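Visitor: What follows is a structure written as structure tokens; I'll ask about it next.
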Amino acid sequence: MLFLQRAVMIITSFAIVIIMSLWALLRYVFQTDMYGMEEVVVMIAFWLYFMANSYAVYDKSHVKADILPSMLNKRHQRLIKPFLYALMLIACIIYSIWSFDTVYFSYVEKPTTMALGIPFWLGHLSILVGFVLSAFYAGIYFIQSLAEAVQTLKGKDYSSDSENEDAFVL
């Protein structure tokens, strides 16, 4: 799964750079335009953004509001982690449900982009895939943090000092 996520991120990154460079070359050097290319770039950017988002959740490098846990000692941090991952899991599940509804609506109603007629569901699908993967990773981390919290309550020092050290491997 991670290989596929990395491949999508790399391919979409290169595609955006190539399209934007070609677009600038055609516009400013050859005085012509690539009609509708902004629609293609937006669809590719959707996939890049949401794959990168889910990969960041896996890697534990996503944006976090973790000021309160950083003020606590290691024992209390291990005890509060399951609640934080539970909140993240719940949010990702809710966003997955909403994005499923969006994909379903855009698939059934068949809206398309103005210039090239690209179906909206292609971009919306990236949102669903990104949140489902994020929910999956958050679920794994919730279970891991719950096990750490139980071990901490039993008096065992189970957790490492590094945030990314306990990232699971697929």
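Visitor: Assuming 0.692 mPa s and 37 °C, estimate D for region 1-43 with Stokes-Einstein, Rh taken as the Kirkwood radius over Cα pairs, in µm²/s.
Guide: Rounded, D is 288 µm²/s.
Visitor: Now for a separate question. Which listed residue (Ala86, Tyr107, Ile18) has the Cα farthest towards the positive end of the charge dipole for the chain, taking +1 on Lys and Arg C-beta and -1 on Asp and Glu C-beta about the Cα centre?
Guide: Checked the options; the winner is Ala86.
Visitor: Please sort through the DSSP H helices of the chain and keep those with an alpha-carbon extent of at least 20 Å along the long axis and a Kyte-Doolittle average not below 1.0.
Guide: For the chain, where a helix must reach 20 Å along its axis and average at least 1.0, the hits are 2-28, 120-153.
Visitor: Place +1 on the Cβ of every Lys and Arg and -1 on the Cβ of every Asp and Glu in the chain, take the dipole about the Cα centre, and give the residue among Ser54, Gly155, Ser134 whose Cα lies farthest towards its positive end.
Guide: Gly155
Visitor: Report, as a whole number in µm² per second, the diffusion coefficient that Stokes-Einstein gives for region 101-155 at 25 °C and 0.890 mPa s using the Kirkwood radius over alpha carbon pairs.
Guide: Rounded to a whole number, D works out at 178 µm²/s.
Visitor: Okay, next question. When only alpha-carbon atoms are used, what values of Rg and Dmax, in angstrom, describe region 27-127?
Guide: 19.8, 64
Visitor: Just to make sure I understand: if all protein chains stay in place, what is the order of Trp23, Trp121 by accessible area at 1.4 Å, largest first?
Guide: Trp121, Trp23
Visitor: Pick the calculated Kirkwood radius over Cα pairs in Å for this structure from (1) 19.0; (2) 17.5; (3) 18.4?
Guide: (3)
Visitor: For the chain, give the magnitude of the charge dipole about the Cα centre (Cβ charges: +1 Lys/Arg, -1 Asp/Glu; no others), in debye to the nearest 20.
Guide: 420
The values are calculated or read from the model by the stated rules, or taken from the named source; none is laboratory data. Everything numeric here is computed off the predicted structure, so don't read it as measured data. Ideal geometry is used to build each Cβ from the backbone, glycine not excepted, and the neighbour counts take in all protein chains shown. Areas reflect the complete protein model, heavy atoms only, side chains present, ligands, DNA and RNA absent. Shrake-Rupley method; radii C 1.70, N 1.55, O 1.52, S 1.80 Å.
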